[in-house]
Structure formats: structure tokens, C-alpha cells
Amino acid sequence: MTRLAPIAGEWIDRSHAIDFEFEGRPYRGFAGDTITSALWASGVRVLGRSFKYHRPRGVLSLANHDVNALVADGRSLHLRADVTALAAGMRLSPVNVFGTLARDRAHLLDRFARFLPVGFYYKAFFKPKWMFPHWERAIRKLSGLGKLDFDAPRGRTPNRHAFCDVLVIGAGPSGMAAALGAGRAGARVILVDENARIGGSLSYARGTDARPRELLERMNLDIAACTGIRVMPATFAAGYYADRSFALVDQDKMVKVRARSVIVATGVMEQPAAFRHNDLPGVMLASAAQRLIHRYAVQPMQSAVVLTANTEGYVAALDLHAAGVQVNTIVDLRADAEESDAARAVSEQGIGIMRRSCIFEAIVTPDRFGVRAVTVCRLNTDDSPDSASRTEVPCDGVAMSVGFAPANGLLHQAGARMLFDEGIQQFVPNGLPAGVFAAGRVNGVYDLTTRLRDGERAAAQALEHLRMPWSAPDVPAPPAPRCPSFAYPIVEHPDGKNFVDFDEDLTVRDFARAAQEGFDSSELLKRYTTVGMGPSQGKHSNMNALRILARIRGRSIGDLGTTTARPFIHPVPLSHLAGRGFTPVRRTPLQCLHERAGAVFMQAGVWLRPEYYAREGKSKTEAVTEEVLAVRRAAGLIDVGTLGKIEVSGPDACELLERVYTGRFQNLKVGMTRYAVMLDEAGVITDDGVVARLGEQRFYFTTTTTGSASVYRELQRYIAQWRLDCGIVNLTGAMAAMNLAGPRSREILAKVSDMPLDNNAFPYLGAREGVIAGVVARVLRVGFVGELGFEIHLPAELAAHVWDTLLAADAAVTPFGVEAQRWLRLEKGHIIIGQDTDGLTTPLEAALEWVLKMDKPFFVGQRSVQAMRARPIKHKLIGFVFPPAYSGPSPKECHLVIREGEIAGRITSVAYSPTLKQIIGLAMVAPEMAAPGSLFKIRVDGGTMLEAEAVAAPFYDPRGERQRMSLAQLQARYRSQEVA
Amino acid sequence: MMRASPLHDCLARLDTQWGRLNDMPIAISAGAEANTSLQLLDLSALRRTGLKGPGAASWLQSRSVCVPERANSWSGFADGGLIARLGRSEFLLEDAPPGAVVSAVTDALVAPATGVYPVLRQDAALMVRGEAVDELLAQTCSIDLSAGALEERAVSLTMMAGISVIVIDVSSAHAAPCYRIWCDGTYGAYLWETLLEIAVELGGGAAGLNAIYPDLQASGGNASIQS
């Protein structure tokens, strides 16, 4: 056990022990531990195996900046052990291992590493071609991390929005100062930090200085007392989007935040040095060692060497020393002596310092799972190691503090310009978008006092942006500049294994190879080597990769620039991205009645519509056939409330319709309806419907089910554009509609209405307002299904009453669904816009020339139609039939029409007609195939070719007599059917 | 003849005690009346009407209806109803029982003046209230509807759970945060089911109208839509 005695400010709760398993063995940690800290405290040093070579790996960053320790817990895959809170009952296993961590069968890959350099797979697996499936399987098996459980239940992930005046990302000293500055001024602040507690480096980088801990305690109290600040710990800002919108991700959900201003105080990420065997368990970033000590009271190692090039390394040495670690030496890459309180304290502790030196390699323990010593060399003037000056220093761990990379991904995404500051060896913001501010170490500010002031300065700027009261903070003179990052913490070694990217097992040599192959820009290098493309997204590797490339090319880092930063800066669980699904469904007011009647529903756009009404013991086809025959023989009732329903009134109402529809409406009499087709500017059919004239300046019209919203929107635009004096009201949802159709429909309607319904009082295509079942309704005498029919429109809240009354009026009334309606209208040859037409179909192709009133002064699409008329059409919509005796497979919609082996068209509608007792359909074919009597081939499922005959539509009642029937005719027809 | 709420079937699936209001079956109680954290109520039974057009504002004023001056704002009637100005020239009027403004306006709209166009309102009308309302709204709406975020008596025409809604904050008349929501009646069941699912997760539920109108009487039995 390496758990330390209680440490002030530790995050663990020693009174709450947690039992868990790792690789089948029981362990115990405390509440507040992460998986890694609990394992490390239990003496476990190998936490995972590397992705490519299966090398043993331990703690590197302990900060979500690497994935050395990636574990699975049942159905939860890819848990980052460094930052995942320990929970009782966890049964953890590493994800990239064949066997156990101690006995990983894939460890042999490390022996063959020199045969598997970067990019080898670009050249290796594509020949011979027949071998590729084998390679693919092998690579998938080797590279898969974890095993997905396809039976895992679907989780419910909330999808949340939040809003604030100032979003502060990063709760280190500068972020906390910024939040306090803005919050105290009255702004609504959200302070977000990826760690379980706020405080940033104040919670772990201490040395002998008591100030950080005292400052943290004081600021914590201040923030808790400031009601305007909402703290969101254990939450990371994953991406920046337009208008200062951010995706904040925690363990359970994603929160979409819209901020009026944002302060990015995301700090920096400590970077590893590259030397041979720098990836062994025990070699870790100094900040990782400090986090183990101060947050989790875990001794990171017993005997340490500290590799450093900055003040932070000396502070870390003091932290290690205070934790009982034997610090054998500090290896300082710099030539100049460190001048700081920490350096003086180090001297007082008697810790030796080797200046202008590097670690040449870490020497592996006999079991190959740890470090037993390091070899230290002096550095030459060109930063190369002087191998003649080797000294071996025993240790079981190395703490690296050689530099930092700014966590500036969000700033990049926000469009910030970056400048590489050679003085501090860091990219710093050099131009930020409005409302976006940076503070603290991401801004290049390292001194603690200055970081606090920088946070206050950013808060003042944010308040000024928000036009809220603010006051200029007291900005003291900046301290003497110091460089926290060493320019080239990379040590070449003839035997390699000096890792740069721990996710992808990339070594220094791999970058040289990539450059030799010509991939020598930052973007190309990334893609060839895959540096930064692992789960860590380059957090611990991109900066060193850039330093290596700059050194190879002899260019400055600023010249090379960085790769593009895109959301997300951390991987986000797919369940979070899916969130709660909002899939709006529209239901007519008759929905519940359809359900009770056994309707089987289908989706029609956003609507749910009855496809047919199930009948006990009958198939779908039999049920639909009965519905069709009921309409043809007696009466059917269908819910057509999904149709778009729009009313337009005013002096220019008629003018609007004249312009947006191809037909003529000036001469439409009050109380009559007319079929109407709408085109776009290109002359393509976009919608159709029926226009009823209710008054001289008042029209009511229908649109297709899917077109209602877009038609309404277009009409609103046209009214404004043309400055017409009329008002338009969308009644699609407010009005229900049902169609009573069939030879007995008039007789049945007469039972529940006093409206005059005979042919003279209410002729075919008439429109009337009257009372049906006690409800004032609009009734249109239209015949979409080819029978005498009455389309009844009425307020939605009364629709159920009228529907039930009509069904109860006569036992012959049969409810019918969309499928029967499709068959009925097909028998009649009526087209459905969007099914028998597509996004290119013109009225000339769809046999709708008759609706084009080209002598009108204008309608939308008119000029295009004029141009089309001068050219031959490419397709024509025709009817076709199969012989009545045909009994083979039926073609389906979208089956292809084939002529001489080439595609010559497609089936748009097809069905077996119960009335005509043969297969009928509509097809879009080449014009020369359209002559009635022509035969053409249809390729159906399985490649079978069927022969169909082109015929003129309609197939049923071509003269339209049934729709126009007088009462006497109807009664006669009905009696004859009864006899038949 | 009975009117039917767009949410009738949603409420019928709950443990509902029915009553009647304005010729519509209403839920007197629906199970969560005592739950103060979050309640959903169906107010579709309230009488409402709409009108739009360049002459709508002056037409209303000529009938002594006090019109909100600002676009996208609302004001209350003395008897508890309200008028919401939707944009510049459209209005939604709703009576609270036993208000009579809507009936008078509806009657007058049979023969509207020039530039006044009646708008048939068949909305699903909801109320959400309780301490957890902000969380409910935050999970379903991408604009900030919380107290203080909008101008006083603002009308928000926005999207909630993917559909268009009208939202107003009526918290000032209640002890807890309270919002009115209207949507197209054909989306009503979807919105209700979505909000209720989240509300239940947040510890709330559906409540009947007795929660806000204690004088409403139960009609007995489990009224059907055609009762």
C-alpha cells in the first residue's frame, strides 16, 4: 500500500471505503478516489497495455490527457481510469489485452516494433488482394478496444440547455478569479471545470508554499457565497459553436450552453519529455505525481528522479520529498541555475541538481514492468545528449516537468488567432472574437498573482462587453518573465522507444520517417503518423510532434502552425450525443377513434395515419380490398385531416391564388371548387390541392399532407414580396377533415344534415357551409377516389362527434385507410404529388397540361413552362395494366422500366385493382413508349422481366360519371348493384 | 355535443377524475395535485379565439379590449383571461372561467372589419408549474425562458421539444414558477407525452384543473370523448 497519511485538502473520504475488482482481484479504495488512484494506492503499477505494441503502461498525466489506463466496467466501455470516480461494485478489466496485463499474449508485438514502423500498413496489406479480408479481420481484432454489448438497454440521456452572461471554462486560479469578478458585478456566471473539484493547480502544486492551499480555501468560500455563480465540476467544455454556444459534457448528459460572453481559462497541459523507455510504469508527469499526492494521498513512487526545465519541477520535487519520496536528483535541462523560492528550498533539503543534463534512457526492471534507474547525460549545445557522460541514477520513478501546451482548442474553434511566443515557448491568443476572452496560463501568464489579476481583467472585459458595470482591476507590474517550457525536450536514442504519442505508440524516429517520405507539414505529418488522432487528441503529443517537425525542417514552430482544432476536444459518449430523442408526431383529432377501430398506422411525413383497419382473420390485402369495395359499392369514411388547410381573405386574395397556382380563379364562382397545381420557378410541380371560393374575397384551399407548412410559408413570403392586401391563416391543425365517399354517401349524409345535397343545390365541385350532426362545417363535393363524395371540414375539437355520428348513421359506412385510398385514386388515375412526381417532374410530363392557363399574365413557373414547351419532354406519366389473367409476381413502386437493356423509366404507383380485377399502375417512361397499346418491360425483384401494356388513364369510370351522379342516378346504380 | 381536448386521450390513460368545462370533458384530478415540484395541466377547455391582420389591433380596441402595445407581449383581463400579441398584428385571446371576452369577440368576428381576419384556435393549451419547471424547460427548449431572462410579460414564439409553441411566464400570479404553453392541437399529444415523461423523471406529474380552479365539480365516472 502506498496510501499516505491524511493530507490537507485531499479529495478522498477515508471514512467511506469502496470495494471493487480489477482483473478479477479484489481491491479497496475510498470515495473520492479515481480508479487509477485507488489501484496505484494498492500497489498496482501496470494499468493498461499500449494500443499498438502492447507495452505495459501506468500513470502518465492522471488528467484525462492520455489513455494509458482505459478500462471497461461491464457494459461501460472505455472508462478513463485516471478521471473516472471509483464506485462500489465496479468489476474492471483493461480493454487492450489478450490474457492479463501481466501476461499479455500480444506483448510480442513490441519485439517486432522495428518491423512495424509508422505507415507500414499503408504499404503492407493491399497485396495480394485476396489476403485483405484476412488482414482486415486480424487488424480489427487487434485494434478493437473493448467488446460492445449489443443487448445493452437503451439509456435515457437528458438533453439540456443552459444560459448565462459569462461562461468561465476552467476553475483554476484565473478562472475562479474571473468568475468572482463577473459574479460579484451581478452577472449570471457558469463556472465549469473537468475536475471533480474546482481549484486547478492550487489543489496540487504546492511545494513548501502554504499560499496555494489558503488561497483555494478562501476562493472556494467566496464562490460559494456568490449567488450568481453556478459551479459545474466534473464537466468539460467539449466544443465551441456559433454565437458562443458550448457543449458541456458530464458523466450523465450534455448541456448546450448559450453564453453572452465566455472566458477561457483552460490552463495548460503538462507535456512529457521523450527519452528511451519514457513510457514505463513509474515514469509520469510531475503534475500527475502531485495530483496523486495532494488529491488522493497516494505516494507516486518511493525513489524518484525529477526531470525538469522550469520552476514547476522544483515545486514537484518538494512535493515528492514532503510525501516521503527519496528524490535522488533533479535533472535540469537548462544551463542556468533556477532562481526561485522552490529552488532554494530544494537546496535546503539537500536534493542534488544535475544542470544542463537529460535523461538518456530509463532502465527497465527485470520483470519489464517498471523502472530501476535512469541514465543521465549532459546536453550538448545543440540539445543532443553527450552519451560519453552517462551516469546511472537509481530510482523507481521519474517525474517529468519540462513544459506545457496551452489547452486552447476551444479558442481555436472560436476563431482566435494564435501567435507562438518564443519567450515562453507557447502559442498565445493574438486576437479573439467579440465576447471571447482568455485568462491565465492559456493566455501565457504563469505567475500565480498575475494569473489572478488576469482573471479579474478578463472578467472586467466580459462585463464591458455585456455593458454591465465594471471597474478596472489593479494590475501590478508583471514579474520577470520566465520560460516554463523547454524548447526541445526530445532525446534521440539509437534504439528508439522514446515515445511522443502514447496513444498511438509513436516514437521520435517515426516523425523523421514521415518527413523523409515527404509528409513534412503539420497537417500531413498528423495524417501519416496519426499523431494526435488517438483518444487523447494530441493533448500530450501534438506540441512535441511540432517541435520535432520544426527541428527537422529548420523552421520555427510559429511558421509551421498548428493543426485544425475541431469539436469535440474530448471524446463524448454516443449516448450523450443521441440524448433524448425529440421526434414530433402529429395526430389528427380522430386518432383515438382510429385506434379503437383497429387501425394499423403508418407515418405520412410527421403524421400518423391509418393505413388500414385490421379485421379479424383477414390479411392486410383482404382488409384493404374490403375497404375499397365498400367505397365503390356503398360508402366509406376516411380521415383526411392531414391535408394542409389554408384560408386567404382580402381584396387581393384571388390575385394571390392567380399568381401561385397555374389555374384560373378569377372566374371561379362563389360556392365552387377547382383543382389547383403549384409550381416552383423552374416549372416543377411542388404541390396540389382544391381551392374553394367561400366569398368574393375569401378562399379556402387544401394542400398536400407534407406540403402544408412549406406552402403556407411560401404564400406568406409572396404576400410580403408582392405587397398584396390579403391575410392568410393556416388552419391545418385547427380544422379536421373527413371524406364520405361512395354511391350512398349523399343518402347517408342527408341523415345527419339538413343541407340540400341534390345535384342542383350542391353540384359536383361545389362548396357549401352547413350544419352536419349539429356542427357548422365546410363541405366540398370532390371526388379524389372517383365516387360521389363529400369532404367535410370542421373545427378539430368537434371532429370526433361528427365522425362517430356518420358511422352510426348507417351500418354501410366503412372507415377506410390510406392504402385503400391509394388503390381507389389509382383506379381513377389521380396522381399523388411526391409519389407519381419527383423533384424534377413538370406538368407537361405528368399529363397536367390542362391545368396550365398559359394565357394568364403570370403564375409562378410560367416562364419555365413556356421554355419547356419549346423542347420535347424526356418522360411521360402513363397508365399501364397487366392482363386480367396474369397471376405472377406484382411489380412494386420504383421498379424500373427497361428498354433494350437500358433504364427507360420507373413505376410510380401500382396495385391490384379489386374493382377491375387486374394489376394497374402509373409509370414515368420515355415519351415514345407512352402510346396506348405499347408494351414495355418492367424489371421486378430477382431480375425477372414482366411485360405491361400502356393504357390511357383513368382506368375506372373514365368519363367521371360516378362523381357527378344525381340522386336518381345513384339510386338506380345502387339498386342494380344490389341485384348483382 | 361535446368538445374534445387534443389531450383527452393522454389524460384518459392516467388515473383521472373527470369533470366538464365549456362543454369539454376535463381532468378534475390526474394524480399529481399534491405534487408541488412540477405539475402539467391541460387547459385546452378554456375558450379562446384569434385574429390577425392590419386592422386587428384597432378593431379590438374599438371593442374595449385592452391590446398589449408591444409586439410579443401579453396582458391580462380583469376576470383572469389574457390577450397575447403574437408578432405585430396577430392576437390570441383566452378566457379564464367565467370570462366572457372571447365569446363576445368570437361573435363579432362573424362579420369582421376590413383588414381583420379571424383565426380559428384549436390549440392544445398547457400549464406547467412548480419549482422544477426551469429544469423541464431547459431540457426541452433552447432559449432561456427562466425568470428575468425575458422582458416583463413577454410572449415567446419558440420551439419546444421540436415543435412550435407559444410560451408566456405567468409566475407572478402563482406561488411558484408557472408557464402557459400553447401548441397546434395536432402536436398536443406528442408535446404532452414528452413533457410528462420528463416531468415524471423530475419528480412531477399530471394534475387536474382543480389544482387551479378548486370550484370545478367532478361529473362522475370516467368520461369518454363522446360522453
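The values are calculated or read from the model by the stated rules, or taken from the named source; none is laboratory data. The model shown is predicted, which means the values in this text are computed figures rather than measured ones. Glycine gets a Cβ as well: all are built from the backbone with ideal geometry, and neighbour counts include every protein chain shown. The accessibility values were calculated without ligands, DNA or RNA, using every heavy atom of the protein model including side chains. Shrake-Rupley method; radii C 1.70, N 1.55, O 1.52, S 1.80 Å.
Select the strands (runs of 3 or more DSSP E) contained entirely in the stretch A:843-957, then report the ones holding at least 3 residues which are open to solvent by less than 70 Å² (accessible area, probe 1.4 Å) and touching a strand residue (DSSP E or B) at 6+ places or on another chain (Cβ under 8 Å).
Strands (runs of 3 or more DSSP E) meeting the threshold: A:876-881, A:896-899, A:902-913, A:918-925, A:945-951.
Can you confirm whether A:A692 is open to solvent by less than 20 Å² (accessible area, probe 1.4 Å) and modelled with pLDDT of 95 or more?
Details: open to solvent by less than 20 Å² (accessible area, probe 1.4 Å): yes; modelled with pLDDT of 95 or more: yes.
Against the criterion (open to solvent by less than 20 Å² (accessible area, probe 1.4 Å) and modelled with pLDDT of 95 or more), A:A692 qualifies.
Taking A:V572 as meeting all but one of (1) touching a strand residue (DSSP E or B) at 6+ places or on another chain (Cβ under 6 Å); (2) within 30 Å of B:I198 (Cβ to Cβ); (3) at pLDDT 95 or above, write down the number of the exception.
(3)
Which ones in the stretch A:738-773 are over 19 Å from A:D639 (Cα atoms) and among the hydrophobic types (A, V, I, L, M, F, W, C)?
A:A750, A:M755, A:L757, A:A761, A:F762, A:L765
Residues checked against (1) touching a Cys at 6+ places or on another chain (Cβ under 7 Å); (2) among the charged types (D, E, K, R); (3) open to solvent by 50 Å² or more (accessible area, probe 1.4 Å):
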residue: B:F91; (1), (2), (3): no, no, no
residue: B:E94; (1), (2), (3): no, yes, no
residue: B:G99; (1), (2), (3): no, no, no
residue: B:V102; (1), (2), (3): no, no, no
residue: B:V110; (1), (2), (3): no, no, yes
residue: B:T114; (1), (2), (3): no, no, yes
residue: B:Y117; (1), (2), (3): no, no, no
residue: B:Q122; (1), (2), (3): no, no, no
residue: B:G130; (1), (2), (3): no, no, no
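So, in the stretch A:753-777, of the ones that are within 12 Å of another protein chain (Cβ to nearest Cβ) and crowded, with 17+ Cβ neighbours inside 10 Å, which residue ends up farthest from A:T702 (Cα to Cα)?
A:A773
Is it the case, given these coordinates, that B:R63 is open to solvent by less than 40 Å² (accessible area, probe 1.4 Å) and closer than 22 Å to B:P112 by Cβ?
No; evaluated as a whole, the condition is false for this residue.
Restricting attention to the stretch A:123-150, which residues are under 19 Å from A:D503 (Cβ atoms), touching a helix residue (DSSP H, G or I) at 6+ places or on another chain (Cβ under 8 Å) and not β-branched (V, I, T)?
Hit for the stretch A:123-150 is A:L142, nothing else.
Return the total of residues in the stretch A:1-32 being under 21 Å from A:G48 (Cα atoms), out of contact with any strand residue (DSSP E or B) (no Cβ under 7 Å at 6 or more places or on another chain) and part of a strand (DSSP E or B).
1
Scan the stretch B:44-70 for residues that are within 23 Å of A:L731 (Cα to Cα), within 19 Å of the chain's Cα centre (by Cα) and of a type in the set (A, V, I, L, M, F, W, C) and jot them down.
Matches in the stretch B:44-70: B:A45, B:L46, B:L51.
I'm told A:A737 meets every condition in (1) under 42 Å from the mean Cα position of the chain (by Cα); (2) under 30 Å from A:R825 (Cβ atoms); (3) open to solvent by 10 Å² or more (accessible area, probe 1.4 Å) except one. Can you identify the failing condition by its number?
Of the numbered conditions (1) under 42 Å from the mean Cα position of the chain (by Cα); (2) under 30 Å from A:R825 (Cβ atoms); (3) open to solvent by 10 Å² or more (accessible area, probe 1.4 Å), the odd one out for A:A737 is (3).
Listed here are the residues, each with its yes/no results for (1) touching a His at 6+ places or on another chain (Cβ under 7 Å); (2) among the basic types (K, R).
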site: A:T100; (1), (2): no, no
site: A:D110; (1), (2): yes, no
site: A:I139; (1), (2): no, no
site: A:R160; (1), (2): no, yes
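Conditions first: (1) within 21 Å of the chain's Cα centre (by Cα); (2) more than 12 Å from chain B (Cβ to nearest Cβ). A:F601 passes all but one, so which condition is the exception?
Failing condition for A:F601: (1).
Scan B:T36, B:T49, B:T16 and give me the residue that is of a type in the set (V, I, T) and open to solvent by 40 Å² or more (accessible area, probe 1.4 Å).
Working: B:T49 fails: open to solvent by 40 Å² or more (accessible area, probe 1.4 Å); B:T16 fails: open to solvent by 40 Å² or more (accessible area, probe 1.4 Å).
That would be B:T36, the only listed residue that is of a type in the set (V, I, T) and open to solvent by 40 Å² or more (accessible area, probe 1.4 Å).
Looking at (1) part of a helix (DSSP H, G or I); (2) in contact (Cβ under 8 Å) with a residue 40 or more places away in the chain; (3) open to solvent by less than 20 Å² (accessible area, probe 1.4 Å), can you tell me which one A:D503 breaks?
(1)
Would the stretch A:123-137 turn up any residue that is touching a residue at least 60 places away in the same chain (Cβ under 8 Å) and open to solvent by 30 Å² or more (accessible area, probe 1.4 Å)?
No, that holds for no residue.
Let's see how each residue does on (1) within 19 Å of A:A335 (Cα to Cα); (2) free of Cβ contacts under 8 Å to residues at least 24 places away in the same chain; (3) β-branched (V, I, T); (4) assigned to a loop (DSSP other than H, G, I, E, B):
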| site | (1), (2), (3), (4) |
| --- | --- |
| A:F360 | yes, no, no, no |
| A:D367 | no, yes, no, yes |
| A:R372 | no, no, no, no |
| A:V376 | yes, no, yes, no |
| A:D383 | yes, no, no, yes |
| A:D386 | yes, yes, no, no |
| A:T391 | yes, no, yes, no |
| A:A399 | no, no, no, no |
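Where residues in the stretch A:705-737 are in a loop (DSSP other than H, G, I, E, B) and modelled with pLDDT under 95, which of them is farthest from the other protein chains (Cβ to nearest Cβ)?
So the first thing to find is which residues in the stretch A:705-737 are in a loop (DSSP other than H, G, I, E, B), and the list is A:705-707, A:723-726, A:731-734.
The next check asks that each one be modelled with pLDDT under 95; those that pass are A:705-707.
On the way: A:T705: 11, A:T706: 14, A:G707: 16 Å.
It comes out as A:G707.
May I ask you to list the residues in the stretch A:54-89 that are assigned to a loop (DSSP other than H, G, I, E, B), within 27 Å of the chain's Cα centre (by Cα) and surrounded by fewer than 18 Cβ atoms within 10 Å (Cβ to Cβ)?
Answer for the stretch A:54-89, where residues must be assigned to a loop (DSSP other than H, G, I, E, B), within 27 Å of the chain's Cα centre (by Cα) and surrounded by fewer than 18 Cβ atoms within 10 Å (Cβ to Cβ): A:G74, A:R75.
Out of B:Q17, B:Q39, I need the residue that is within 17 Å of B:R129 (Cβ to Cβ) and either in contact with a strand residue (DSSP E or B) (Cβ under 7 Å, 6 or more places away or on another chain) or of a type in the set (K, R) (or both). Which one? First the steps, then the outcome.
Numbers: B:Q17 fails: within 17 Å of B:R129 (Cβ to Cβ).
Going through B:Q17, B:Q39 in turn, the sole match is B:Q39.
Do you know which residues across the stretch B:163-186 are within 11 Å of another protein chain (Cβ to nearest Cβ) and surrounded by fewer than 16 Cβ atoms within 10 Å (Cβ to Cβ)?
Answer for the stretch B:163-186, where residues must be within 11 Å of another protein chain (Cβ to nearest Cβ) and surrounded by fewer than 16 Cβ atoms within 10 Å (Cβ to Cβ): just B:S164.
Report whether or not B:A211 is within 17 Å of B:A27 (Cβ to Cβ), away from every other protein chain (no Cβ under 14 Å) and touching a Ser or Thr at 6+ places or on another chain (Cβ under 9 Å).
So B:A211 passes the test.
Using beta carbons and a limit of 7 Å, which pairs, at least six apart or on different chains, have the first residue in the stretch B:41-54 and closer than 7 Å to B:E90 by Cα and the second one assigned to a loop (DSSP other than H, G, I, E, B) and aromatic (F, W, Y)?
The qualifying pairs do not exist here.
Going through the stretch B:98-146 one residue at a time, which ones are over 21 Å from B:Y187 (Cα atoms), touching a residue at least 60 places away in the same chain (Cβ under 8 Å) and either under 16 Å from the mean Cα position of the chain (by Cα) or more than 12 Å from chain A (Cβ to nearest Cβ) (or both)?
Those that are over 21 Å from B:Y187 (Cα atoms), touching a residue at least 60 places away in the same chain (Cβ under 8 Å) and either under 16 Å from the mean Cα position of the chain (by Cα) or more than 12 Å from chain A (Cβ to nearest Cβ) (or both): B:G130, B:E131, B:A132.
Among (1) within 30 Å of A:K917 (Cα to Cα); (2) within 14 Å of chain B (Cβ to nearest Cβ); (3) open to solvent by less than 10 Å² (accessible area, probe 1.4 Å), which single condition is A:K645 missing?
Going through the list (1) within 30 Å of A:K917 (Cα to Cα); (2) within 14 Å of chain B (Cβ to nearest Cβ); (3) open to solvent by less than 10 Å² (accessible area, probe 1.4 Å), A:K645 breaks only (1).
How about the stretch A:176-186: which of its residues are surrounded by 24 or more Cβ atoms within 10 Å (Cβ to Cβ) and out of contact with any helix residue (DSSP H, G or I) (no Cβ under 6 Å at 6 or more places or on another chain)?
Hits for the stretch A:176-186 are A:A179, A:G183.
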